[in-house]
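Just below is one structure, and these are the notes that go with it.
What follows draws every value from the coordinates through simple rules; no lab data is involved. Bear in mind the structure is a predicted one, so any value in this text is a computation, not a measurement. Here Cβ is always computed from backbone atoms with ideal geometry, including for glycine, and neighbour counts include all displayed protein chains.
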Amino acid sequence: MTSAGALVCLAIMLSCGLGVYLRKRQIDNVSRHREVVPPDFAGEVTIDDHRRAADYTIARTRFGIVETTFDGLLSIAWLAIGLGPLYGLVAGLIEPGLTRSVVFVCLFTLIGHVLELPFSFLNAFWLEEKFGFNRLSPKTFFLDEAKSLALTAAIAVPALYAMFGLLRALPDSWWLVVWVGFMALTLAMTVIYPTVIAPMFNTFTPMAEGDAKSRMEALLKKCGFESRGLYVMDASTRSAHGNAYFSGFGKAKRIVFFDTLLEKHSLDEIESILAHELGHFKYGHVRQMILQAAVVAFLGFAVLYWAFSTGDFSAWFGLPNDPGLVLVAVMLAQEPVAHLLKPLLSSRSRKAEFEADDFARQIVGKEPMISALTRLTRDNLASLTPDPLYARFYFSHPPVPVRVAQLRSSG
Ligand SMILES: [Zn+2]
């Protein structure tokens, strides 16, 4: 490994250290506030709920420290010692060509997936179980894993063949063509995911006729929203966490409520949650997210172009310049950059959440939104006292006390 390669490994180590430091801050801050419910929530959240939320947050964050450390060490181990021998193994079995590169990427991904499996298993059957959220059976867990692996292979294998093929045919412009293809796939996914992929894992039923549905439809009409309808997802088969989301694009848009959410919230609250989701639509947040993904992907493919064409990058780690190997090494080495970009991307996302909250306030008033947020926090055991720096770095949604304060102070 050259000094440039060693620098990449050092960057991964530092990024991992930063991740551990921020999580430690989060644990400290939550423990420090474990005994006092913030005054804004004193009426709705009991001290027992508050303590349980603290314990859950601390347990999750500790688990995150172990996972982050493991991931960082694993990436360094791959770059410094593992990739060469793994490539040697594949090269011994398959002659040079597209297939060798594709098989190498698939084998690497499969090994990574197997190494991550104990974490997902413990997350569901130890952590979530302990706090009463887990509804998965081991059978469903492994079935889900198998399905998502098969699905990843079905999409990734042809995509890798296409990319490595183009790399040969168009050595100078392949990355622009691949970028366009990637964005086309991303757009297609916004339609394919809700209609084809998500139903492979959950059952979606159109919302039953009744009070709830007629109020939601009236709200959609009031906001001039055209959609393929309101659906209820059987989230309760996997977890007790409640949520709602809005997916798709153009005519394929749909609003999905978790059954767990509908069970626990009043109609006013559900209405405010829908209004919040419509706010995301009104302000074009989905379009902004896709645009953001386009910029990130463009930069990513430009880096890959540089790494493939010069051969410098693989030389940093003393590796042969095979496209499959370079792709994997770039994926491992980009982690510190992605980590440092996180606060930027999450601050954009938090801004969007404020806008959506404000839209909901204008449509249904602030009270239902405040009570929905309070109930969501309480039921999901989210901490009311996260560390501000940790939240700034990682939170895609502003902490609920901040959202509530913002709602109270406006209008
Ligand atoms: Zn939102």
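Could you say whether any residue in segment 308-327 is within 12 Å of the ligand (Cβ to nearest atom), surrounded by 15 or more Cβ atoms within 10 Å (Cβ to Cβ) and among the hydroxyl-bearing types (S, T, Y)?
The first filter runs over segment 308-327 and keeps only residues within 12 Å of the ligand (Cβ to nearest atom), leaving none.
No, every residue in segment 308-327 fails to be within 12 Å of the ligand (Cβ to nearest atom), surrounded by 15 or more Cβ atoms within 10 Å (Cβ to Cβ) and among the hydroxyl-bearing types (S, T, Y).
Could you please let me know if V296 is farther than 30 Å from K253 by Cα, in a helix (DSSP H, G or I), more than 14 Å from the ligand (Cβ to nearest atom) and within 21 Å of the chain's Cα centre (by Cα)? Write out each step before concluding.
Details: farther than 30 Å from K253 by Cα: no; in a helix (DSSP H, G or I): yes; more than 14 Å from the ligand (Cβ to nearest atom): yes; within 21 Å of the chain's Cα centre (by Cα): yes.
Against the criterion (farther than 30 Å from K253 by Cα, in a helix (DSSP H, G or I), more than 14 Å from the ligand (Cβ to nearest atom) and within 21 Å of the chain's Cα centre (by Cα)), V296 does not qualify.
Only residues that are within 16 Å of the ligand (Cβ to nearest atom) and within 18 Å of G411 (Cβ to Cβ) were counted in segment 331-365, giving 12.
Contact annotation: no residue pair with Cβ atoms under 6 Å, 6 or more positions apart or on different chains, pairs a residue in segment 283-309 that is closer than 14 Å to W174 by Cβ with a partner that is surrounded by fewer than 15 Cβ atoms within 10 Å (Cβ to Cβ) and among the β-branched types (V, I, T).
Working carefully through the options V8, V102, V66, V90, find the one that is more than 30 Å from P320 (Cα to Cα) and either exposed (fewer than 14 other Cβ atoms within 10 Å of the Cβ) or in contact with a helix residue (DSSP H, G or I) (Cβ under 9 Å, 6 or more places away or on another chain) (or both). Write out each step before concluding.
Working: V8 fails: more than 30 Å from P320 (Cα to Cα); V102 fails: more than 30 Å from P320 (Cα to Cα); V90 fails: more than 30 Å from P320 (Cα to Cα).
The match here is V66.
Looking for something surrounded by fewer than 20 Cβ atoms within 10 Å (Cβ to Cβ), more than 14 Å from the ligand (Cβ to nearest atom) and among the acidic types (D, E) - is there at least one such residue anywhere in segment 366-377? So that I can check it myself, show each step before the final result.
Taking segment 366-377 and keeping what is surrounded by fewer than 20 Cβ atoms within 10 Å (Cβ to Cβ), we get 367, 371, 375.
Within this subset, residues satisfying the condition of being more than 14 Å from the ligand (Cβ to nearest atom) are 367, 371, 375.
With the extra rule that they be among the acidic types (D, E), the set shrinks to 367.
For segment 366-377, residues surrounded by fewer than 20 Cβ atoms within 10 Å (Cβ to Cβ), more than 14 Å from the ligand (Cβ to nearest atom) and among the acidic types (D, E): present.
The set of residues in segment 123-147 that are without any contact (Cβ under 8 Å) to a residue 60 or more places away in the chain and more than 19 Å from the chain's Cα centre (by Cα) comprises F125, W126, E129, S137, P138, K139, F142, L143, A146. The conditions of being crowded, with 19+ Cβ neighbours inside 10 Å and within 14 Å of G279 (Cα to Cα) are not met by A391.
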